[in-house]
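The values are calculated or read from the model by the stated rules, or taken from the named source; none is laboratory data. This structure is a prediction, so every number in the text was calculated from the model and none was measured. So basically every Cβ, Gly included, is an ideal-geometry build from the backbone, and we count neighbours across all protein chains shown.
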Amino acid sequence: MERIPILKMGRVLLVTIQVDMHDRLALALQDDLTDRIVRDGARGVLIDISSLEVVDSFIGRVLANIAAMSRVLDAETVVVGMQPAVAITLVELGLSLPGVRTALNVERGMELLRAGMLDDAPPAGDDDGGPEG
């Protein structure tokens, strides 16, 4: 069975969907991503859907599930590159994709993820490395 490649870039997993998504492939991606988040200790997941021209309700729910599972595993999800027709379809289907942050392109998506990871970092100087002064 074909799989969608998952690339690791630092603490972010990058997924670029280049093929038409069918239900089995979407479920495999969901399983593969959750496994990789745990194995790699990822803090962010960026999913590029710019090649997708059609997203049905099942694929929309899988994207929402991926975001929910990522949050439980302490990673944030950003979906980038959504075509206008895909956005219209999702709205018409009544899918709001709760927990899924979106950005226009990969660069902006990475900025969102980096900003989120910086917000989670402990403040500088609070390493509790020993007695002060």
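Answer yes if at least one residue in region 90-99 is exposed (fewer than 13 other Cβ atoms within 10 Å of the Cβ), part of a helix (DSSP H, G or I) and either modelled with pLDDT under 80 or not charged (D, E, K, R) (or both), and no otherwise. For region 90-99, residues exposed (fewer than 13 other Cβ atoms within 10 Å of the Cβ), part of a helix (DSSP H, G or I) and either modelled with pLDDT under 80 or not charged (D, E, K, R) (or both): present.
Remark: pairs (first residue in region 93-105, over 19 Å from residue 16 (Cβ atoms); second residue among the aliphatic types (A, V, I, L, M); Cβ separation under 7 Å; 6+ apart in sequence or on different chains) = 98/64; 99/64; 99/67; 99/68. Here's a check for you: in region 11-40, which residue that is of a type in the set (S, T, N, Q) and touching a helix residue (DSSP H, G or I) at 6+ places or on another chain (Cβ under 9 Å) is nearest to residue 71 (Cα to Cα)? Top of the filtered list is 34. When every residue of region 21-31 is checked against the conditions, at least one turns out to be part of a loop (DSSP other than H, G, I, E, B), surrounded by 12 or more Cβ atoms within 10 Å (Cβ to Cβ) and modelled with pLDDT under 95. Scanning region 38-61 for residues that are β-branched (Val, Ile, Thr) and surrounded by fewer than 19 Cβ atoms within 10 Å (Cβ to Cβ), we see that the one that is farthest from the chain's Cα centre (by Cα) is 54. Among the residues making up region 75-89, a single one is in a loop (DSSP other than H, G, I, E, B) and in contact with a Lys or Arg (Cβ under 7 Å, 6 or more places away or on another chain): 75.
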